[in-house]
Each structure stands twice: as C-alpha cells, then as structure tokens.
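First comes the structure, then the notes that go with it.
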Amino acid sequence: MLHLTMLYDFYAELLTEKQKLFFEMYYHDNFSLSEIAEEHNITPQGARDLIKRTEKLLLRYEGKLMFVDKYTRQRVKIENILLAIDNLEFEDENLIAIRAQINDIID
C-alpha cells in the first residue's frame, strides 16, 4: 500500500479525474469498495475494477519512468551522506551549512 501511494504521489497527474478520485477515496480516505460504489452508483466490483486498473497503470508508469526507484536510491545516498557528516569528529561551520542545505533539499 505504501508503495502504491508513493507511486500515486509521483504519477497522479497522469491519471483521469475519476481514477484519482477512486484511488484517493480507497487509499487516502479509507472508503470501502461498497461505500465508493454507493456514492458513485456503481457496483462494488466496478469500483474494485477501476482501482485495480489504476494500480496497474501506476505500476506501468513506474516500470517505464522509474521516478520512484530513482528517488528512493537518491534518498538512501543522501541519508548516508548526512550520517557521514554526523560521524565526523569535528564540527565545521561549512559542514553545518552543507547539512542544512541537504536537509532543505530533502524536506
């Protein structure tokens, strides 16, 4: 679920308004399939099908574009850099400024 919501954060603008609405209702607002179906006058199976197609589409976008994968790998590298800075035996104003700038980038 976390992976899908992360994919959604990256690729939501490539989805239709209906795909976004159903995905957000299900994953962000914790609506059940029955609740989504009732609100949109469709069957629960219809709501499920649309959500599953949206999930597959998000996975396909990631398979081609790899934005989440690149972001995740970069995030690990940045965390390692910050850890290395924290483990240095001395404090330097330049290092403190660099750390602050890195934190600004990732926040």
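The table below gives the values:
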| read-out | value |
| --- | --- |
| Over region 2-65 - Rg/Rh using Cα atoms and the Kirkwood inverse-distance radius | 0.97 |
| The chain: calculated mean residue ellipticity at 222 nm from DSSP helix runs of at least 4, using -39500 (n - 2.57) | -24000 deg cm²/dmol |
| Projected area, mean over directions - region 18-107, Cα convex hull, nm² | 8.0 nm² |
| The chain: DSSP helices with Cα axial extent of at least 15 Å and average Kyte-Doolittle hydropathy no lower than -1.0 | 44-65, 67-86, 93-106 |
| C-alpha center-to-center spacing [region 82-103, region 27-63] in angstrom | 45 Å |
| Ranked packing of 16-22, 83-89, 95-101, most packed first, by mean Cβ within 10 Å | 16-22, 95-101, 83-89 |
| Within straight-line cross-link reach of LYS77, aspartates and glutamates at Cα separation under 17 Å, skipping those fewer than 8 residues along the same chain | ASP69, ASP86, ASP104, ASP107 |
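We did not get these values from a lab; they are worked out from the coordinates using the rules stated. Being a predicted model, the structure only gives us computed values, none of them experimental. For neighbour counting, all protein chains shown are included, and Cβ atoms are generated from backbone atoms with ideal geometry for every residue, glycine included.
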